[in-house]
1. Counting only residues that are assigned to a loop (DSSP other than H, G, I, E, B) and polar (S, T, N, Q), which one in region A:217-259 is modelled with the highest pLDDT?
2. Hey, among the residues in region B:17-58 that are in a loop (DSSP other than H, G, I, E, B) and at positive phi, which one's surrounded by the fewest Cβ atoms within 10 Å (Cβ to Cβ)?
3. Take A:Ser314 and tell me if it is assigned by TED's automatic domain parsing to the domain that holds A:Ile37, buried (at least 19 other Cβ atoms within 10 Å of the Cβ), under 20 Å from A:Pro16 (Cα atoms) and not aliphatic (A, V, I, L, M).
4. More than 27 Å from the chain's Cα centre (by Cα) and modelled with pLDDT under 85 - does that describe any residue in region A:117-138?
5. Out of (1) more than 21 Å from A:Ile332 (Cα to Cα); (2) crowded, with 17+ Cβ neighbours inside 10 Å, the odd one out for B:Gly82 is which?
6. Kindly list the number of the only condition in (1) among the hydroxyl-bearing types (Ser, Thr, Tyr); (2) outside any loop (DSSP other than H, G, I, E, B); (3) within 14 Å of another protein chain (Cβ to nearest Cβ) that fails for B:Ser11.
7. Restricting to helices (runs of 4 or more DSSP H) lying wholly in region A:260-328: which have 1 or more residues that are within 14 Å of chain B (Cβ to nearest Cβ), under 30 Å from B:Tyr93 (Cβ atoms) and touching a residue at least 12 places away in the same chain (Cβ under 8 Å)?
Amino acid sequence: MLMTLATRSLWHRRWPVLLIILSLCLALTAALSVERIKTLAKTGFEQSLSGVDLIVGAPGGDVQTLLYTVFHLGEPTQNLSLQPLTELIEQLPVAWWTPIALGDSHRGYRVIATQANFFEHVQSAGKRPIELATGRIFSAPPEVVLGHQVAASLGYSLGDQIVLQHGTAELGRQHDDLPFEVVGILAPTGTPNDQAVFTSLEGFGLIHAGWIGGKTQFSARDILASIKSTDQLRPKTVTAAYIGLKSRLDVFTVQRAIEDDTGQPLDAVLPAVALAKLWNLVGLTDRLFTVISGVLMSIAFLSLITMSLSNIDSRRREMSLLRLVGAPPKTILLLLALEAVLISLASGIIALALVTGVEWAAGRWLSDAIGISATLRWPNLLEWCVLGGAILASVLSIGPAAIQLYQTSARAGLTR
Amino acid sequence: MSIYVDNLSVSLGPRTLSFPRIDLATGSTALLTGPSGCGKSTLLNILSALQPNACGTCQVAGTAVTELRGRAADRFRAENIGMISQTLDLIGYLNAYQNVQLGVQFQSTAKRDKAVQSLDSDALFDRLGLTGANLTGPVSKLSVGQQQRVAVARALAGQPAVILADEPTSALDPESTAAFIQLLLENLDRQRQTLLMVSHDHGLSEFMDHRIEMSTC
């Protein structure tokens with residue numbers, strides 16, 4: 001009977017109730033969206049570098065190493081000598097490793113010189129392997145593979161010739177004596193690799209081999225024609241190295257071995273730890289999202305309290321009648337609470353459906369933009385908490401109205 | 001006896017209302033008259049355990065109602081009192097059946113089961129002349145006369161010991177008033193139910209066994 005009363009009463013007041021549901025629904029949609037965007041952003045951020053157990057770079061702090069190797073921000077303090085680095089790493093229990101050399105760019109996008117095994121071991125966001133959208137991985141110089149966003153924004157396709165630029169400043173000198181051919185374009189990875197131009201270490205070595213004193217002294221084309229093996233083009237120094245271990249249990253042992261090496265000063269950075277540190281540094285956005293959710297929810301519940309209070313007059317008679325036929329005060333309160341639960345439940349279900357629908361519909365875009373596969377899923381614990389909190393808050397928000405109605409109905413008798 | 005009031009008074013702020021002696025046997029009917037503001041409705045509130053601070057003797061269906069508090073008062077009202085008022089006191093968005101159902105909803109399980117078992121809403125509606133009315137739609141869509149009949153049906157549904165009616169005919173013309181009173185009296189279980197009706201219409205006393213005049217304010 002209580003449910004019948006609640007549902008009929010809500011239906012009877014359907015227009016104001018619909019407005020309350022709409023207002024709550026909007027607030028919940030915003031709060032759930034913010035929560036999902038926050039989760040997606042954090043997941044995307046934490047997956048900026050997947051599949052790598054250690055990054056070896058010049059000393060300078062783990063966040064700085066992460067910034068210039070993964071996010072292409074800033075510069076290393078110094079380069080690493082490749083020969084002693086190779087000798088050191090080959091003594092350690094590593095499953096794979098690949099050096100990376102940075103320093104050049106193409107129209108604002110960083111060039112990453114590395115080996116072909118980079119694409120076998122470094123992963124996309126969501127721990128998926130890096131895949132080619134089209135073409136193949138570079139082999140002999142001068143060849144490049146473009147990140148998805150580079151190709152999309154600059155309109156490159158396979159077979160196009162591009163000129164790399166020395167340094168990352170906009171007005172840097174061009175290595176225009178040897179254009180590189182686009183041989184592959186990566187599928188979206190959802191990592192900063194989408195904004196990178198990849199070439200081989202040998203290609204990187206080639207364009208710098210004749211580069212003396214900031215000028216081209218020998219044509220790269222001539223050098224390429226004169227060498228017997230491209231191995232001769234491998235640079236003597238690199239910027240950093242990515243390492244994958246045979247067993248993750250060895251991570252601290254290997255880290256210590258690298259940092260204790262006396263050959264050259266090295267830092268070995270755990271990417272997950274450095275990413276978490278960096279997220280905490282930029283976590284203001286995270287807290288801002290939470291504050292925005294809170295404000296939106298508060299506004300919605302204030303409007304709910306206002307609407308409940310403004311409804312009192314029209315409901316006094318109804319409550320008095322219930323008291324006349326013997327309804328105890330707790331039944332009146334239960335009825336009001338049940339109505340509030342039904343309203344917030346309806347709002348929550350609609351908001352959840354909206355957010356899930358939008359996330360699902362925007363899945364392709366999200367995948368391209370931040371590499372996160374947005375799939376249909378149950379709400380996570382935090383989202384359940386938001387929904388549960390909304391129900392609890394809506395029950396509490398009818399408190400002032402309920403107290404007034406209860407006091408009135410308890411006094412009410414035949415005199416009205 | 002069904003209603004026994006003696007030496008009863010109640011303080012409402014600075015004002016104290018005193019009530020006449022009433023002694024109504026089970027199955028009897030009485031008309032309570034008096035000028036406006038003399039406490040007729042307040043007396044009905046006391047009889048239905050809605051006015052807790054009354055002093056004196058007030059027994060309804062064998063229960064001293066002035067001593068009832070909280071849940072006991074609510075349960076007493078649900079099981080022993082049937083209310084009919086000039087404002088009809090129906091919940092407009094419920095249909096006639098649901099309004100009648102309210103009449104038994106808050107009784108104890110045993111009494112409710114018994115009442116529900118013997119409650120034949122359709123038969124009751126037929127007896128009250130509601131055949132043909134749209135009883136499954138919101139009761140607010142019915143005419144005033146039909147709503148009055150539904151209110152009577154709800155008051156009778158719980159098989160209460162006492163029916164308290166507060167000026168139920170004030171909005172009716174004399175002809176409709178007579179018909180309504182006839183209908184109400186015909187449907188009372190005269191073996192078990194007592195009717196106390198408040199009205200300014202002294203003419204209704206011809207339908208009742210007793211007339212109680214409240215002249216003192």
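The values are calculated or read from the model by the stated rules, or taken from the named source; none is laboratory data. The model shown is predicted, which means the values in this text are computed figures rather than measured ones. Cβ placement follows ideal geometry from the backbone for every residue including glycine, while neighbour counts extend to all protein chains displayed.
1. In the first step, residues of region A:217-259 are kept if they are assigned to a loop (DSSP other than H, G, I, E, B); the result is A:217-219, A:227-229, A:234-236, A:239, A:246-247.
Now restrict to residues that are polar (S, T, N, Q): A:217, A:219, A:229, A:239, A:247.
Details: A:Gln217: 67, A:Ser219: 74, A:Ser229: 74, A:Thr239: 93, A:Ser247: 90.
Only one residue tops the list, namely A:Thr239.
2. Initially, region B:17-58 is screened for residues in a loop (DSSP other than H, G, I, E, B), giving B:20-21, B:25-28, B:34-39, B:48-53.
Now restrict to residues that are at positive phi: B:27, B:34, B:37, B:39, B:49.
Numbers: B:Gly27: 16, B:Gly34: 19, B:Gly37: 11, B:Gly39: 22, B:Ala49: 27.
It comes out as B:Gly37.
3. Details: assigned by TED's automatic domain parsing to the domain that holds A:Ile37: yes; buried (at least 19 other Cβ atoms within 10 Å of the Cβ): no; under 20 Å from A:Pro16 (Cα atoms): yes; not aliphatic (A, V, I, L, M): yes.
No: the conditions fail for A:Ser314.
4. no
5. Condition (1) is where B:Gly82 drops out.
6. (3)
7. Correct list: A:312-324.
The rows are residues; the columns are (1) surrounded by fewer than 19 Cβ atoms within 10 Å (Cβ to Cβ); (2) assigned to a helix (DSSP H, G or I); (3) under 12 Å from the mean Cα position of the chain (by Cα).
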site	(1), (2), (3)
B:Val150	no, yes, no
B:Ala153	no, yes, yes
B:Pro160	no, no, yes
B:Ser170	yes, no, no
B:Gln182	yes, yes, no
B:Leu185	yes, yes, no
B:Leu195	no, no, yes
